[in-house]
Every structure is written in C-alpha cells, then in structure tokens.
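Notes to accompany the following structure.
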Amino acid sequence: MKAEKMLNKLKDILSAERQAQLEKYESLKKVLKALRVEKRRLQAELAAETDEDARHEIASRLKVISKQRKKGLTVLEELKSERDKRSH
Amino acid sequence: MLRKTFLPAIFVLLAYGFAVSADFKTITAGIAIFLFGMLALEEGFKAFTAGGLEKILRASTNKLWKSMTFGIVTTSVMQSSSLVSVVTISFLSAGLLDLMSGVGIIFGANLGTTTGAWLVAGFGLKVNLAAYAMPMLVFGIILVFQPTKNLKGTGYVLAGLGFLFLGIQFMKDGFDSIGQTIDLAQYTMTGYPGVLAFAGIGVAATVIMQSSHATLILILAALASQQISYENALALAIGSNVGTTVTAIIGSFGSSIDGKRLAMAHLVFNIVTGLLAIGGIYQLMIAVEWLSRHVGIAADNYTLQLAVFHTLFNLLGVIVMLPLMRSLVKFLEKTIVADEIEIERPLYLSAGLEDIRDAALEAVRKESIRLYDLAAGVIMDGLSVSRDVLESEEKVKRVVKQSTDIIDEDIDDLYERKLKALYGAIVEYIVHSRGGYSGGRLNEELNAIRQAGQHVIEAVKGVKHLRKNLTRFMQSDDRFTMKEYNRLRRLIITVLREIDTARKSASESKSVLSLDHLKLEIEEKTRDFGKGLDDLIRKERIDVQTATSLMNDISYCRETCWDLVEAGTVLFSASGLDETVAMRSLALGEDEIAEMMESPDEEAAR
C-alpha cells in the first residue's frame, strides 16, 4: 500500500500537467518580483517628486502595479493551494 | 480642347435657334423640362435605393429570368434605363450582384425602356398632358419640402413625372406649331443612307441629352406632327438605343472592374441590337405592319407602330444575345482585367517553416509586428500627422496643433492593399502552422498573436471612421470642435508613442505590463472628453449634431487606443514563453480598469 502511494506521488511529480503548473508558478513569481521592484522604484520616485502632474502620473502607475500585483498574488495563492492539495 | 469648344458651340447654336424660331424655343424648352423631370425622378428613386431596393435586388436577381424581369419592371416603373443601369453598376461594384445577374438586368432594362414609347404613343400624344402635369408638380413640390426622406423622395418622383409630362406637352406643341410653318419632312432621306444618317443623328441626340427616353419622345412628337418620315423615325429610334449606353459608360468610370464589364456588356448588347435592327429594318417593318394589323393598330398610326418596332427590335436583340450571354460574360472577364494592385506581401512567413514550431511562431510574431508598424503609419496618415512624429521627441500637443494640413492618402486603399492583405496572409499561415500539432502553449501563443493582429486591424478601422469628421472639421473654421478633435488625435499618438517606449525596453518584464497604465489613461481621458463635450453644448459652442459626431468619434478613439494597447501587450512581450504567458495573465481588463477608476488613489497605491 505504501509503495503504491509513493509510486502515485512519483507519477504526479513526473506528469506534464504538474510540470506545466510548476513552470507557471515559477514564472508568475518572477513577474511578481519584477513588479515589486518597479513598485518600490516608483514609490521612491513619488516621494522625491514635487511637480503635481508628474506626481499624478506616478501615482496612477503605482495604482496599476498594485492592482496587477494583487491579481498576481491571488493566482499565485490558487496555484500554491492546488499544488499542496496534490502533494497531500 | 473638344470639351472647351463643345459647350460654347451648343450655346451659340441654341441662341441662334431661339432668335430665329419661337417653335424651336418651345421644343428645346420641352426637352429641358423633360430632362429636369428625369433628374427629379432619379433623385426621388435614390431616396428609396438605400434600403428597400437593395433588399428587393438581392431577392430578385438570383436567377437569370428573375434579373431580367427585375430589369423590365424597374425600368418600366422608373422610365429610365440609364438610371437602372447606373444603379446596377453601383450595386455590382458594391458586390451585391454578380456580373451575370447584372447583364440580365441590363437585358431586361432594354425591354423595359420600350414601355415608355408605348405610354407616350398610346396615351401621351392624345391627351393634354399638361393638365395632369400641373397637379403633380404642385403636390410633388410640397412633398419635396417635407423633412422625412420617404415623403421627400415621393415628392421628387411626383414632381419628376410632372416635369416629364410638361416637357412632352411642350415638345408636342412645338412640333404641331412648327408643322404649320416649315416642312421638316422635306429633309427626309430614303434607303440605307437615310437609315444610317438618321441612326447617327439618334446616337448624337441621345449622347447630348443623356436620355434615350427624351430622344424617343422627341421622335414620337415629330412623327405625330408628320415632321419626319416613319422610316427615318425608326432609324432615329435605333440610334437612340445605342446612344443610351454612353450614360452607363460614364457611370462605370468610377466603378469596380465588374462595373466596367457591365457597361461594356451594355454597349455590346445595344450595338448588336442596333446592327441587327439596321440590317433588317425593312423586314422588321413588314413584321411591325403584320403585328399591328393583328393587334388592331391602324395602318396610319405610325407612333404606335414605332412603339411596336422599338419593342420588337429590342426583343430580337435579347433573343439573339441570350444564348451568347455566358460567352459574353467570359469574354468580358478575359478582356477587361483589373490593373495589378500592389499588395503588401509577407516578408517572414516562408513556406516550410510551418512545421518547425518555434520558427513558425517567431515568423508570425515578426510579421505581425510588421503589420503593427504599417498600421501605425496608416493611423498617422489617417490623423493627418506626419509619421516622423512617432520617432521624434517633440511634444505631442504642439505637433498636433501644428498639423493643420490634411494628409491626402487614400486610407481605405492602404487598408485594403497593405493591412488586410498582410493580415490575411498571417491568418492563413497560422492556420497551416496549427495543422501539424494541436494544443499546448505554442498554439495559445499563435492564437494570441492572431488576436493581436485583429486588434491592429480594428484600430485602423476606428481611425478610418474618425478621419471622416476630422477631415471635415480640419477644413472648417469651427475651432472649438477642432480643439476636441486635436485632443483625440493627441491621445492616439500618445498611445502609439508609449507602446513604442515599452517595446524598446521589452527586455525587462515590467515593460509590457506598464501598458496597463495606458488603459487607465485612455479611460480617464475619454471620460474627460465626454465631460468637456457636455460643457461645450451647455455653453452653445457646438451644435447638437456636431456633439453627436464627436461622441461617436470619442468612442472610435477609445476603441482604437484599447486595440493598440491590446495588440502591443501581445506583440512586444519579448521574455521567454512561460514568462510571457504569466505576464499577460496579469494584464488588466476593461472591468478591472473601471473598478480602479472608482477607487481612491491612496488605497490602490499602498
């Protein structure tokens, strides 16, 4: 019984679907990291900027990045919980 | 040269005629009124051609007998074969008809036009037409001033008929009167020289008047007052039948290649019919005499006999040409060919690459980027702003303000030749590439690129719509409206420039996602345009019609910008495939952007 369970787990690890999901997870993490860097850069820029128009521009860029990150984190969470479900 | 001297010569001749003969004046006034009636009639029927006629045309021309019947009926009702042939050419050019159906209609129109001679010979010459004309004119003109299109159209038709009747009456009176003073019959010519000479006069008269109907009425009026011989009248009728094709030929100048073929078919048909009638005129005269005797037409009623002759020789033409119709169509398709149009051909989509998956994907991407670049150029032309502006650092606001001259490019032609053709090639290539393998990321990517190409095409279509009003207002002094159009131009150019910036920094994963910021900007700006428009209406700086046009164009501008951003998001993501897909899954949609516009800045910027 134990050997069968272990074999199933191995099958799951080697399956193409799982592989694709893993790749997706990793790619998403990479993109989210890049967005976090960009967000910090813009926040610093906003703090230093005094021109009202430029501030508005930076603020709306930040708004967009926040929304994108929020969306990305939700997807990442879903992928993670799915992965955890499979491994248990 | 000919055109320069022709009109003054006609004027001088007419002036001379007016000076020496009051009857000539009456006859020519009759012709002028008749022709004016034709114009009014055409105008009236045009009001109905936009919707109804189109539907009838589609349903009633799918078989040869149907298209011929359609030609007979419409020409009998409209009393103008020229109008029917010109309308047929325009429908053919619009792709609503095929050449075969078009030729069928023309054949039918030639039979339908003979009803005019019957009406005038049997009815018009015997009664006082002016008595009918007057009420028609009064009712017609009242209706012409009505605001609704259908009432206006009916008004033109009634007024047109009124003028036709009045013109016929004038011509009839003129010839009646001329008969009491001069004997035109002394110029009668007999035998074939007479037939040929009078047929030539018939051609010339119809070419000048642009109406075989007018010539025929003139012939009937002259015949009724015995100013011309019966034989010469028949020759004139044959000539008028050939001359009428000139209107269709002129009408085909601006038409498609099929329109030109149809005009040529019309010419061939009428020349063949004319030659048959000239060659067999004496045999036809015997046939007319025999027929007239059997249907009860008096032997001295030459006007009705002329109507019989007119119908008979046109019928003969149809009988002879009908079996040759298919060959005629084939011959015309072979001889009248379109000039080779220079269409945009793909540079990267080489045959053989379809089976190499990654190479095919790269080729499709490169070709689609090329499509985007070509489209960007066409969009700039459409907005009448120099293409160089996309590459320059100049402020968009200033550049747009300075771009006051219309860039005279045929956007429709560029769209057809360059973009549509190239996009078609891309789609075809994608379909073939997918044939070999199914599913997977690569297919998803190919689909995404195909969709991006569709967005590019839609963006150009939006600008094509926008350009109509933009061009109109660029030529007007309406500075308030122009200011609004400049704002629309600015937004589209800003979007193009921003996409270009993102494209150049595409090595960083953030770049393509940064285009989402543009989506927010598009929404905010177009919302502001709408608000500004309300303000302009309130302050009465623009009228409601202009405001409606602007509202439509704001919508086109918004859609164009969105299409460009959507296309850019797919085409300019240069990272690895997995990362590209991940990045694209984070791109914000219209709903998410709308949601963001509702939420305060600080909250989202956390």
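The values are calculated or read from the model by the stated rules, or taken from the named source; none is laboratory data. Predicted, not measured: the structure shown is a model, and the values here were computed from it. Because the Cβ atoms are built from the backbone with ideal geometry, glycine has one as well, and the counts that use them run over all protein chains shown.
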- Scanning the stretch B:400-428 residue by residue, those of a type in the set (A, V, I, L, M, F, W, C) and closer than 18 Å to B:LEU564 by Cβ turn out to be B:VAL400, B:ILE411, B:LEU414, B:LEU419, B:LEU422, B:ILE426
- Message: For the stretch B:54-85, which positions are more than 18 Å from B:GLY259 (Cα to Cα), part of a helix (DSSP H, G or I) and either at pLDDT below 70 or basic (Lys, Arg) (or both)?
- Response: B:LYS55, B:ILE56, B:LYS66
- Query: From B:ILE554, B:ILE542, which residue is touching a residue at least 24 places away in the same chain (Cβ under 8 Å) and within 30 Å of A:LEU62 (Cα to Cα)?
  - Reply: B:ILE554
- Message: Looking at B:LEU315, B:LEU332, B:LEU275 in this structure, which one is farther than 22 Å from B:GLY122 by Cβ and loosely packed, with under 15 Cβ neighbours inside 10 Å?
- Response: B:LEU275
- Message: Being at pLDDT below 85, out of contact with any Lys or Arg (no Cβ under 7 Å at 6 or more places or on another chain) and buried (at least 17 other Cβ atoms within 10 Å of the Cβ) is true for just one of A:GLU23, A:GLU17, A:GLU82. Which residue is that?
- Response: A:GLU23
- Yes or no: B:THR526 more than 18 Å from B:LEU496 (Cβ to Cβ), polar (S, T, N, Q) and away from chain A (no Cβ under 14 Å)? no
- Task: Quick one: in the stretch A:41-54, of everything that is in a helix (DSSP H, G or I) and more than 10 Å from every other protein chain (Cβ to nearest Cβ), which residue is farthest from A:LYS24 (Cα to Cα)?
- Result: A:GLU52
- Item | Pair list, Cβ < 7 Å and 6+ apart or interchain, from the stretch A:61-80 residues that are more than 8 Å from every other protein chain (Cβ to nearest Cβ) to residues that are not in a helix (DSSP H, G or I) | none
- Item | Total residues in the stretch B:374-426, condition of a type in the set (A, V, I, L, M, F, W, C) and within 18 Å of B:ASN486 (Cα to Cα) | 13
- Query: Do you know which residues across the stretch B:204-243 are in a loop (DSSP other than H, G, I, E, B) and in contact with a Lys or Arg (Cβ under 8 Å, 6 or more places away or on another chain)?
  - Reply: B:SER225
- Filtering the stretch B:574-591 down to residues that are modelled with pLDDT of 75 or more and outside any helix (DSSP H, G or I), which residue is farthest from the other protein chains (Cβ to nearest Cβ)? B:GLY589
- Item | Evaluation of B:GLU559 against (1) crowded, with 19+ Cβ neighbours inside 10 Å; (2) at pLDDT below 85; (3) more than 14 Å from chain A (Cβ to nearest Cβ) (one fails), failing number | (2)
- Item | Yes/no for B:ILE208 being within 17 Å of B:VAL120 (Cα to Cα), touching a residue at least 40 places away in the same chain (Cβ under 8 Å) and either touching a helix residue (DSSP H, G or I) at 6+ places or on another chain (Cβ under 8 Å) or hydroxyl-bearing (Ser, Thr, Tyr) (or both) | no
- When the stretch B:464-494 is examined, which residues are found to be hydroxyl-bearing (Ser, Thr, Tyr) and at pLDDT below 90? B:THR471, B:SER476, B:THR481
